[in-house]
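Structure record follows, encoded as structure tokens.
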Amino acid sequence: MTSIAGTELTPAGAAFDAIAESFDTRFGDWLSVAAQRGAVRAALIDAFPAGARLLDIGGGTGVDAAWLSARGRNVLLTDASPAMVRAARAKLGDAAAETFAAEQLDQLAARGERFDGAFSNFAALNCVTDLAPVGQALARLVEPGGKALLVVFGCSCPGEILAEGLRGRFANMLRRRRRGAVPAMLGGRHFTVRYHRRRDVVRALDPWFRLVRTTGIGVLVPPSAAEPWISSHPRLVAFLERIDRVIARPLWVFGDHVLYAFERRPEVAAP
């Protein structure tokens, strides 16, 4: 199977293709997801003013892109899964979503696309083996002074360790500490993820971007491994969400996800 960009569909793209039709239903009602999404959206609104043209990397079914579009941002969504892109087009329109894996973003740059900023939410970049080509493409795609907000899995999430241990899934308790490719499966399709450390992310975007801020997303708000149990306790989720607003930056390393906020250095030319 090939993507619209003309290259082979990635294993992660094929896996998300298999669950695209049920994706919003499967994750949409979980309070842990809503709380973490809310924290990311607050950062997106703060970073990108109304009227900004934005690139959404690995945007899935377009939930965040649609939310930003409704608030005056002009978003082009990309995703490795053609089925996810079809779902996104139903929300955004045909011209606002295209099938590109993160590894293929250089093709967008080659056709002259430019953006005021870029973002990637909920660990789409953890499906990418080597972030260096992503960083090089972003250096060409993002205008000087523009922002790039990248949200990837944290590597030291106490919530996942606890939730997986209580479920008896002991092999998953410390999987985020592993280096290299870690096996994963969705929709009966096998693929791999990588738990990128901060130095890996920073190195991939250097020297074109400088790291401005690191924020934990879901430091106390539990990961999806605690679902559906945690969604039956909305007051607890709301309480943990309030605490997270205070501790998200100093305790970022313990986040279920970590948001890295970068700024494009105007003085460094694109590769």
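The values are calculated or read from the model by the stated rules, or taken from the named source; none is laboratory data. From a predicted model like this one, the values you see are computed outputs, not experimental measurements. Here the Cβ is made from the backbone with ideal geometry for all residues, glycine too, and neighbour counts use every protein chain on show. Surface areas here come from the heavy atoms of the whole protein model, side chains and all, with no ligands, DNA or RNA. Shrake-Rupley method; radii C 1.70, N 1.55, O 1.52, S 1.80 Å.
Just need a number here: residues in region 162-189 that are aliphatic (A, V, I, L, M) and open to solvent by 60 Å² or more (accessible area, probe 1.4 Å). Residues meeting the conditions: 5. When the test is whether a residue is closer than 18 Å to Trp30 by Cβ, surrounded by 14 or more Cβ atoms within 10 Å (Cβ to Cβ) and touching a residue at least 40 places away in the same chain (Cβ under 8 Å), Glu263 does not pass it. Checked against (1) within 29 Å of Val237 (Cα to Cα); (2) β-branched (Val, Ile, Thr); (3) in a strand (DSSP E or B), Ile45 meets all criteria but (3). Selection of region 220-251 for residues being closer than 20 Å to Cys155 by Cα, surrounded by 13 or more Cβ atoms within 10 Å (Cβ to Cβ) and without any contact (Cβ under 8 Å) to a residue 12 or more places away in the chain yields an empty set. The residues of region 71-91 that are open to solvent by 10 Å² or more (accessible area, probe 1.4 Å) and more than 17 Å from Gly51 (Cβ to Cβ), listed by number, are Asp79, Ala80, Pro82, Ala83, Arg86, Ala87, Arg89, Ala90, Lys91.
Being among the small types (Gly, Ala, Ser) and open to solvent by 60 Å² or more (accessible area, probe 1.4 Å) is a property that Ala148 lacks.
For region 190-215, taking the residues that are farther than 19 Å from Ala118 by Cα and not hydroxyl-bearing (Ser, Thr, Tyr), the one that is surrounded by the fewest Cβ atoms within 10 Å (Cβ to Cβ) is identified as Arg199. Residue check: Asp29 meets all listed conditions (1) of a type outside the set (Gly, Ala, Ser); (2) closer than 26 Å to Leu186 by Cα; (3) assigned to a helix (DSSP H, G or I) but one, namely (3). If I filter region 195-213 for residues that are farther than 21 Å from Asp130 by Cα and either touching a Phe, Trp or Tyr at 6+ places or on another chain (Cβ under 7 Å) or hydroxyl-bearing (Ser, Thr, Tyr) (or both), do I get at least one hit? Checked against the condition, which is being farther than 21 Å from Asp130 by Cα and either touching a Phe, Trp or Tyr at 6+ places or on another chain (Cβ under 7 Å) or hydroxyl-bearing (Ser, Thr, Tyr) (or both), region 195-213 yields at least one hit.
Considering region 103-125, the residues that are within 14 Å of Phe16 (Cα to Cα) and in contact with a helix residue (DSSP H, G or I) (Cβ under 9 Å, 6 or more places away or on another chain) include one that is most open to solvent (accessible area, probe 1.4 Å), namely Phe122.
Ala35 meets the conditions (1) in a helix (DSSP H, G or I); (2) surrounded by fewer than 18 Cβ atoms within 10 Å (Cβ to Cβ) in every case but one. The failed one is (2).
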